[in-house]
Amino acid sequence: MQRAAFKSATGRPGAFAAGGTSSFPYPTPYTQSLGDLEPRLVTLDETTSWPAADPERGRALREAGVHCMIVTPIVLRGAVLGIVGFYRSARPDPFTADDVVLAGELVAFTAVCLDNARRFTREHTIALTLQRHLLPQGNVSRAAAEVAHFHRPAEVSGGWFDAIPLSSARLALTVGEVAGHSIHTATTMGQLRTAINALAALDLDPDELLARLNDTVMRLAAERSALPPADPVHDEPLRATCTYVVYDPLNGECTMACADHPPPVLVRPDGTSAIPDVPRGPSLGDEEEPFAAARTRLAEGSILALYNHGFLEGYRATSHETARDRLRQVLSGNERPLNELRDDAVYSLRAADRPEDDAVLLLARTRILGENQVATWTVLPHPEEVALARERAIRQLADWDLTDSSLATEIIVSELVTNAIRHGAPPVQLRLIKDRFLTCEVSDASPAAPHLRHARTLDEGGRGLFIVAQLAQHWGTRYSGSGKIIWTEQTLPQHPVRQPE
């Protein structure tokens, strides 16, 4: 056993110093007490024979002047947690039977405290492990931006972050937190992060995504209130905050929305910084209110910093505005590698030894796709334009040395352009994007979206979108202010990411 603690009135620990390990030869009062789980009142004098089995311990007890001792096992529900020894040396009076009863009561209370601490530590470890596995692992390179993150878990909290690849090489960035400090908070965080990823796949605008996410939080809150009154989360309110950003590397457009969360910090390539004027909506879980989005254009090499309240509080500033100013100063040297900037931002923190809340920082350095990675054509609303669209796509793939993908792309372009001319509204536009994927986009002015059909054997039509879905890795529809865009993504054997100059 390892000695957890030792206290002596004489101030001489001797052989009983805390932190050391001990073995207990058989037979001694210690082994006897551990065997039947009963306390032992033992007198030490010249006639005591058990020290012969443990001469080192016996010699240490005699040198300390011990003449009487009580050995009591620490037991809870039949499980042995340890053993306690009480030794009397300075006072001549020996221990009595009443002392044995008192020692037993004290040790029984200690056993409950130790078990509570052990259970709390176990649950805390489980919650932290759960929280860690519910968050993204590692910094994954994206075409739209270089990304780096920092997460310091505290007493189990609900902070999250994510960088989600979207269609057409776009990127979504999000940081948020769930109020609370428990394993239920961590699980709720995982639910919301999963919901965000599912909603992001629908290509929703940031304000609409937050509105849908707010509906999810309100449903989860209703489920909590329906739990039995004895459940620990029955009366616990469910509140969360979130920032959601979508960046488009084709034109540098950035769309942001906040749900009672600090706005991002924007650092431009020349080192100047700003706080975007993003409307601050209500927290998630409040009564439904409209969220608003802000749009801006970012130059290539700009840095977006998303964070939470816990990260700002780590600066120990007089206000969050002052903490944001310090963060802006750290990030102003944005020509340096992003990982170094992230580390400098973390090094400048003066956090407490045991912070109450998670600290989350998500950095993204933007990129703009080059002209040699994008090809766009306007398609006239005539059936003969379908063949011309196919020829343009094949020539472009040859210029990009992607002839292996030409057959599948030819079919995809043919089907999507045909559908846009037949069922959509002009203007129709075809765009190819060469990035991590080969993206094919066909846009038109009609808001009506196609749906995948499973044509029957004798049907003469209805298979076009089904064929497209089989040839593409992913496909989908997203809406814009001028209509809709049908997009597909095909996997490329090699997809180098262009580094910023």
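The values are calculated or read from the model by the stated rules, or taken from the named source; none is laboratory data. Not measured: the values here are computed from a predicted model. All accessible areas refer to the heavy atoms of the entire protein, side chains included, with ligands and DNA or RNA removed. Shrake-Rupley method; radii C 1.70, N 1.55, O 1.52, S 1.80 Å.
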Could you let me know the centre-to-centre spacing of segment 93-147 and segment 17-63, using Cα atoms, in angstrom? 31 Å
Amide H neighbours of residue 6 under 5 Å, at least 5 residues apart or on other chains, H built in the peptide plane: list them. 18
In vacuum, with every alpha carbon of segment 70-125 counted as one equal point scatterer, what does the Debye formula give for log10 I(q)/I(0) at q = 0.19, 0.27, 0.31 Å⁻¹? Two decimals, please. -0.71, -1.07, -1.22
With the Cα gyration tensor of segment 1-111 in hand, convert its eigenvalues to equivalent ellipsoid semi-axes via √(5λ) and list them largest first in whole Å. 20, 16, 15
Relative contact order computed over segment 181-340 (Cα-Cα under 8 Å; 6+ residues apart), in percent: 20 percent
Segment 253-278 versus segment 361-421: alpha-carbon centroid distance in Å: 33 Å
If you rank 87, 347, 479 by how much accessible surface each has, with a 1.4 Å probe, what is the order from largest down? 347, 479, 87
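Roughly how large, in nm² to one decimal, is the mean projection of the convex hull of the alpha-carbon atoms in segment 1-61? Before the final figure, lay out the partial values.
Values: hull surface 18.9 nm².
Seen from a random direction, the Cα hull of segment 1-61 projects 4.7 nm² on average.
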As a test of the formula, what do you get for the chain when each DSSP H run with n ≥ 4 contributes -39,500 (n - 2.57) and the sum is divided by the residue count, at 222 nm and rounded to the nearest 500 deg cm²/dmol? -10500 deg cm²/dmol
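Taking each pair of distinct Cα atoms in segment 133-286 once, what is the resulting Kirkwood hydrodynamic radius in Å?
In segment 133-286 this quantity evaluates to 16.4 Å.
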What percentage of the solvent-accessible surface of the chain, computed with a 1.4 Å probe over protein heavy atoms, is contributed by carbon and sulfur atoms? 52 percent
So, for the chain, what is the accessible surface per residue at a probe of 1.4 Å, expressed in square angstrom? 50 Å²
If I take all pairs of Cα atoms in the chain, what percentage of them are more than 38 Å from each other? 49 percent
Note: residue 46 to residue 90 extended length (0.36 nm per residue) minus current alpha-carbon separation gives 14.0 nm
Among the helices of the chain (complete DSSP H runs), which have Cα atoms covering no less than 20 Å along the helix axis and a Kyte-Doolittle mean of at least 0.5? 406-423
